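The values are calculated or read from the model by the stated rules, or taken from the named source; none is laboratory data. The model shown is predicted, which means the values in this text are computed figures rather than measured ones. So basically every Cβ, Gly included, is an ideal-geometry build from the backbone, and we count neighbours across all protein chains shown. SASA here: full protein model, heavy atoms, side chains in, ligands and nucleic acids out. Shrake-Rupley method; radii C 1.70, N 1.55, O 1.52, S 1.80 Å.
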There are 2 protein chains.
Amino acid sequence: MTAQAAYKNLTDHFARIGALRAVAGILGWDAATMMPSGSAEARAEQQAALDVAIHEKLNDPRVQEWLATAEGASPEAKANLHEIRRDVVHATAVPADLVDAFARATSESEMTWRTARAENDFAALLPKLRVLLGLVRDMGQAKAEALGTSVYDALLDQFEPGGRSADIDVLFADLATFLPDLTENVLAAQARRPAPLDLPGPFPVATQKALGERLMRALGFDFNRGRLDVSHHPFCGGAPGDVRITTRYSEDSFFPAMMGVLHETGHALYEIGLPQHHRGQPIGYARGMSLHESQSLLVEMQVSRSQAFLTFATPLIREAFGGSGPAWSVENLRAHATRVARGLIRVNADEVTYPAHVILRYRLERALIDGSLDLADLPGAWRDGMQELVGITPPDDKDGCLQDIHWPAGLFGYFPTYTMGAMTAAQLYAAAQAAVPEIPDEIAKGNFAPLLGWLREKIHGIGSAQSTRDILIAATGSPLSVTSFRRHLEQRYLHA
Amino acid sequence: MTAQAAYKNLTDHFARIGALRAVAGILGWDAATMMPSGSAEARAEQQAALDVAIHEKLNDPRVQEWLATAEGASPEAKANLHEIRRDVVHATAVPADLVDAFARATSESEMTWRTARAENDFAALLPKLRVLLGLVRDMGQAKAEALGTSVYDALLDQFEPGGRSADIDVLFADLATFLPDLTENVLAAQARRPAPLDLPGPFPVATQKALGERLMRALGFDFNRGRLDVSHHPFCGGAPGDVRITTRYSEDSFFPAMMGVLHETGHALYEIGLPQHHRGQPIGYARGMSLHESQSLLVEMQVSRSQAFLTFATPLIREAFGGSGPAWSVENLRAHATRVARGLIRVNADEVTYPAHVILRYRLERALIDGSLDLADLPGAWRDGMQELVGITPPDDKDGCLQDIHWPAGLFGYFPTYTMGAMTAAQLYAAAQAAVPEIPDEIAKGNFAPLLGWLREKIHGIGSAQSTRDILIAATGSPLSVTSFRRHLEQRYLHA
């Protein structure tokens with residue numbers, strides 16, 4: 001077999017794998033939005049059968065033969081081959097019985113977590129989580145050997161290809177040099193200003209949905225290739241070429257659903273902007289979680305809470321809900337959108353205090369993986385860490401170490417990507433405005449094309465053809481640092 | 001390997017196949033109800049990848065090894081093994097390149113048909129349909145050799161396991177002895193009565209949907225394991241344990257959507273009532289298309305257009321739409337529900353004239369398959385057949401031989417199951433009432449449990465454990481005949 005023929009066989013094979021993964025994406029969306037509740041058991045069988053089919057294809061012995069011979073002729077083919085190898089390493093490093101045990105343990109631990117959280121009962125979760133953590137370590141060990149990394153970095157690599165904890169340590173240490181003081185100063189400055197005026201509801205769901213769709217269209221979301229629906233936990237899912245985002249509504253306030261829609265729209269624009277001619281090939285996917293989160297946070301945090309965006313959006317918001325008077329001014333909406341508070345819950349945190357929540361989880365999960373923290377001591381370590389990093393102590397585990405699904409779902413190595421995404425978003429938006437200075441003025445007029453054009457060229461259209469680091473250097477001139485993020489927080493919260 | 005171990009391997013393997021088929025069902029539902037229009041191309045890749053994965057599993061060489069050794073220990077296992085063999089024969093009889101060519105030709109011919117029908121242009125479809133028909137014949141030939149049947153019977157067997165044209169010929173000949181005169185007499189009797197009073201709209205979609213759901217619940221549809229949505233062509237789809245029906249609404253009349261919902265509910269009750277412990281195994285599926293159609297027509301035709309059902313439903317209909325006066329009487333709604341007319345379009349036909357539409361298609365498709373009718377002569381043969389069998393001549397091909405998607409979609413051997421289903425429905429409902437005489441009175445009170453209980457025991461719960469013929473004999477005491485259907489039509493339309 002020639003090197004070219006082997007490469008062709010690989011791309012044909014991975015096109016099939018990509019299409020089956022797309023099916024899994026649609027199935028996942030359906031389970032969260034449309035599926036009748038009584039169908040969960042049948043659905044679990046369907047998802048398992050699909051996972052097995054994908055896993056079998058990745059473990060097809062011919063893949064190793066093709067990989068031994070294949071060469072990419074073009075730079076794109078070389079990059080795709082690199083990503084195919086990465087995909088295969090992650091899929092084949094772990095023995096099948098460990099994959100099975102992990103799937104079962106995850107499902108049990110996740111199910112137990114739902115009850116344990118509701119009942120504030122960490123002890124109930126502990127044995128399940130202990131089994132799962134053991135398997136996560138074994139998986140990490142197997143992948144670490146294949147990748148030549150530490151166990152934690154092998155886990156991180158699943159979500160953040162090429163990500164290394166040594167780099168994260170530096171970034172998070174840089175954050176620690178200024179975030180505590182900055183948070184103090186922001187809260188003090190905020191306390192000196194009058195509280196924002198109340199925005200009284202109720203806000204009908206249908207109106208909120210129409211407003212969300214109006215903003216999605218303005219940002220460039222193509223409803224011909226995507227949808228907006230409702231789910232308990234908002235997400236961006238579906239499949240390449242068929243991007244489906246969700247939100248959830250409360251009639252008491254329109255802010256959470258609106259900001260949620262804008263956040264997921266940022267994810268969706270990335271997915272929609274991926275190189276279509278590589279659809280289904282490993283090179284055609286989004287690069288990794290930090291870059292993905294950067295796109296949602298760029299839209300939600302950098303853009304949607306800015307003066308420019310609210311200049312555009314406030315009249316639409318007023319019109320939608322029939323609001324008038326000073327409570328419905330740009331300034332008052334902006335005050336709502338940039339309110340800072342120390343809180344217990346990560347997903348409710350503002351962009352100033354959010355990194356502290358992530359740094360806590362990052363510290364704890366590294367200690368859990370390397371064994372220096374025993375799971376039984378997690379609740380105490382969580383309380384201590386919250387006091388140290390966020391400045392408050394949770395009264396219980398429900399709003400403490402039981403609040404997130406990630407660990408019970410087997411996701412270790414995921415948390416740091418949130419804050420890397422926030423820093424990346426700041427760095428990208430600063431670079432975008434430096435390159436295309438009219439971006440904020442155009443946004444104030446409701447024209448997002450200059451921003452979207454820049455993002456498509458620099459981020460979305462590249463897919464996985466380059467590493468996260470190289471993409472960021474090409475787009476912004478430097479690797480990830482805290483500089484832009486710090487400047488952004490200072491400007492918005494101290495100097496505005 | 002022991003016979004038991006081989007059987008166990010087969011059932012494990014077919015559980016996976018069944019789960020992947022369920023995924024395909026959810027995907028098909030999504031494509032018709034939820035998918036953004038621009039995602040069709042990506043979806044085609046997904047469906048193809050899934051079809052290939054299923055096909056690969058059916059063609060796994062181990063399946064033949066297991067089949068050579070396996071024996072079923074229980075009667076159920078024996079029946080399941082019989083169905084597994086049937087499944088494998090249909091999947092493996094046709095060479096892979098022919099399967100591929102058929103899939104491509106179907107897709108092209110279906111696409112061309114959409115335009116050709118809209119533009120009344122049979123000539124545009126002819127070359128595509130000719131290619132497809134050739135491939136259908138080749139497939140039929142390959143399956144005929146494997147099954148030991150004629151080519152047409154091999155095609156029929158795909159939709160109606162065990163169905164044979166020799167039996168259909170007898171049944172359709174029996175219909176021909178009385179249907180033309182009966183139709184004449186019904187139309188004459190109808191002409192002597194005053195026309196039904198108009199039911200003036202508009203009928204809001206939301207109200208129609210609520211009414212449909214109300215009736216579905218009454219019939220026994222479990223919304224915990226199914227949904228009602230909207231699609232251009234109504235269907236019952238989804239997956240075992242997750243049954244999803246659709247309808248379409250017009251605000252001008254509530255009858256089509258309501259009767260459509262009731263029809264699909266009949267299909268859905270069959271799916272919901274299949275033996276859950278055999279979910280995914282070949283024995284666990286619905287038996288075939290004639291029995292499936294019998295369930296929809298039993299609900300829609302036998303039950304929902306009866307005096308008993310309308311006694312129950314009329315107050316709900318009146319309440320939903322705020323109707324009052326003589327137009328909203330049970331008698332007037334019944335007159336609407338049992339109106340007979342010779343028409344051009346099969347899907348709009350009443351139960352008296354419907355068989356003539358099917359007999360025409362059955363005749364023509366057999367002639368197309370055996371080569372005695374050339375495709376180029378189809379429009380003329382259609383016009384002549386419509387005049388002879390239905391009594392009117394279509395003014396064009398759009399409402400003539402281009403009206404149905406079946407042939408352009410490669411479905412030859414499907415049409416007769418509609419009328420076999422209508423006859424089966426009549427025979428089953430007669431037997432149900434003979435066995436449980438209170439069924440109509442209970443329906444008039446809105447209690448469908450006696451009927452549903454009988455259907456679950458006699459039909460739904462059996463799955464594919466017996467042949468259609470044996471199921472029918474066990475349920476009604478005799479194989480399929482025209483007797484009950486004839487009696488039903490005479491009673492409802494001549495003696496009522």
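With the convex hull of its Cα atoms as the shape, segment A:111-209 has an orientation-averaged projected area of 12.4 nm².
Quick check on segment A:254-370: take the gyration tensor over C-alpha atoms, sort the square-rooted eigenvalues as a ≥ b ≥ c, and tell me if it's rounded (a/c under 1.5), prolate or oblate.
Working: a/c = 3.27, a/b = 1.30, b/c = 2.51.
The shape class here is oblate.
The trypsin sites (Lys or Arg not before Pro) of segment B:222-251 meeting both criteria, a DSSP state outside H, G, I, E and B (loop) and at most 14 other C-beta atoms within 10 angstrom of the site's C-beta, are B:Arg248.
A label point on A:Glu145, set 7 Å along the Cα-to-Cβ line, lies at 5.0 nm from each of its counterparts in the other copies, closest listed first.
For A:Lys445, a cut-off of 25 angstrom between C-alpha atoms picks up these lysines, skipping any fewer than 8 places away in its own chain: A:Lys209, A:Lys458. Backbone amide hydrogens, once placed in the peptide plane, bring B:Val230 within less than 5 Å of B:Thr247, excluding anything fewer than 5 places away on its chain.
Summing Lys, Arg as +1 and Asp, Glu as -1, what charge do residues with Cβ under 14 Å from the Cβ of B:Thr69 carry, B:Thr69 excluded? Don't skip to the end; give the middle numbers.
Values: positive: B:Lys8, B:Arg62, B:Arg85; negative: B:Glu65, B:Glu71.
Residues near B:Thr69 contribute +1 overall.
Summarising the strand pairing of chain A, around 50 percent of its internal DSSP beta bridges are antiparallel.
Counting only Cα atoms, segment B:262-307 measures 39, 17, 12 Å along its principal axes, largest extent leading.
With a probe of 1.4 Å, find how much accessible area chain B has per residue, and write the answer as a whole number in Å². I get 40 Å² per residue for chain B. P(r) for segment A:1-92, from all Cα pairs and a bin width of 10 Å, is 16, 41, 24, 14, 5, 0 %, short bins first.
Residue and distance for the chain B Cβ closest to the axis that moves B onto A, in whole Å, come to B:Ala53, 2. Position B:Ala210: other-copy label points at 2.0 nm, ordered by increasing distance, label point 7 Å along Cα→C-beta.
FRET efficiency for the B:Asp399 to B:Thr177 pair, using the beta carbon distance and R₀ = 22 Å, is estimated at 0.20. Exposure check, 1.4 Å probe, all protein chains in place: B:Asp350 carries approximately 20 Å² of accessible surface.
Across chain A, Cα pairs under 8 Å and at least six residues apart give a relative contact order of 19 percent. With θ taken as phi - 60° and the Karplus curve 6.51 cos²θ - 1.76 cosθ + 1.60 applied, the whole-hertz 3J(HN,Hα) list for segment A:426-440 is 5, 5, 5, 5, 4, 5, 4, 5, 5, 7, 10, x, 6, 3, x Hz, x standing for glycine and proline. Between A:Ser250 and A:Ala257, the built amide H atoms are under 5 Å apart, and every one of these is 5 or more places off in sequence or on another chain.
Between copies, the label points of A:Ala449, set 7 Å from Cα on the Cα→Cβ line, lie 6.5 nm apart, reported in increasing order to one decimal in nanometres. Residues B:Asp174, A:Asp229 ordered from highest to lowest accessible area at a 1.4 Å probe: B:Asp174, A:Asp229. Using θ = phi - 60° in the Karplus curve 6.51 cos²θ - 1.76 cosθ + 1.60, the 3J(HN,Hα) couplings for segment B:340-351 round to 10, 7, 6, x, 7, 9, 4, 5, 9, 6, 7, 6 Hz; x is entered for Gly and Pro. Apolar share of the accessible surface for segment B:1-92: 55 percent from carbon plus sulfur atoms, 1.4 Å probe.
Note on A:Val230 and B:Ala3: with the Förster distance fixed at 45 Å, the Cβ-Cβ geometry gives a FRET efficiency of about 0.30.
In sequence order, segment B:275-291 has phi-based couplings of x, 5, 6, 10, 4, x, 7, x, 5, x, 8, 4, 5, x, 6, 5, 5 Hz under the Karplus curve 6.51 cos²θ - 1.76 cosθ + 1.60, θ = phi - 60°, and Gly or Pro positions carry x. Averaged over peptide B:240-248, the number of partner chain Cβ atoms lying within 10 Å of each residue's Cβ comes to 3.
Taking a 1.4 Å probe, which of B:Glu293, A:Glu213, B:Glu145 shows the most accessible area, and what order do the others take after it? Don't jump to the answer; show the numbers that get you there.
Working: B:Glu293 20, A:Glu213 40, B:Glu145 135 Å².
Most to least solvent-accessible, the answer reads B:Glu145, A:Glu213, B:Glu293.
If the chain linking A:Val205 and A:Asp222 were pulled fully straight, counting 0.36 nm for each residue of separation and taking away their Cα-Cα distance, it would gain 4.0 nm.
Share of antiparallel DSSP beta bridges in the protein assembly as shown, in percent to the nearest 5? If you can, show how the numbers build up before the last one.
Details: 10 of 20 bridges.
Antiparallel: roughly 50 percent of the beta bridges in the protein assembly as shown.
For the residue pairs B:Lys57/B:Lys78; B:Lys57/B:Lys128; A:Lys57/A:Lys128, the C-alpha atoms sit more than 26 angstrom apart in B:Lys57/B:Lys128; A:Lys57/A:Lys128.
Determine the shape class of segment A:132-288: with a ≥ b ≥ c the square roots of the Cα gyration tensor eigenvalues, call it rounded for a/c under 1.5, and otherwise prolate if a/b is greater than b/c, oblate otherwise. Could the numbers behind the result be given before it?
On the way: a/c = 2.33, a/b = 1.24, b/c = 1.89.
It is oblate, given that a/c is not under 1.5 and a/b is not larger than b/c.
Buried accessible surface for the A/B chain pair comes to about 2800 Å², total over both chains, computed with a 1.4 Å probe. With kT/(6 pi eta Rh) evaluated at 25 °C and eta = 0.890 mPa s, and Rh the Kirkwood radius from Cα pairs, segment B:404-496 diffuses with a coefficient of 165 µm²/s according to Stokes-Einstein. By the helix-only formula, in which each DSSP H run with n ≥ 4 contributes -39500 (n - 2.57) and the sum is divided by residues, chain A has a 222 nm mean residue ellipticity of -21000 deg cm²/dmol. When only Cα pairs below 8 angstrom with a gap of at least 6 residues are kept, segment B:1-92 shows a relative contact order of 48 percent.
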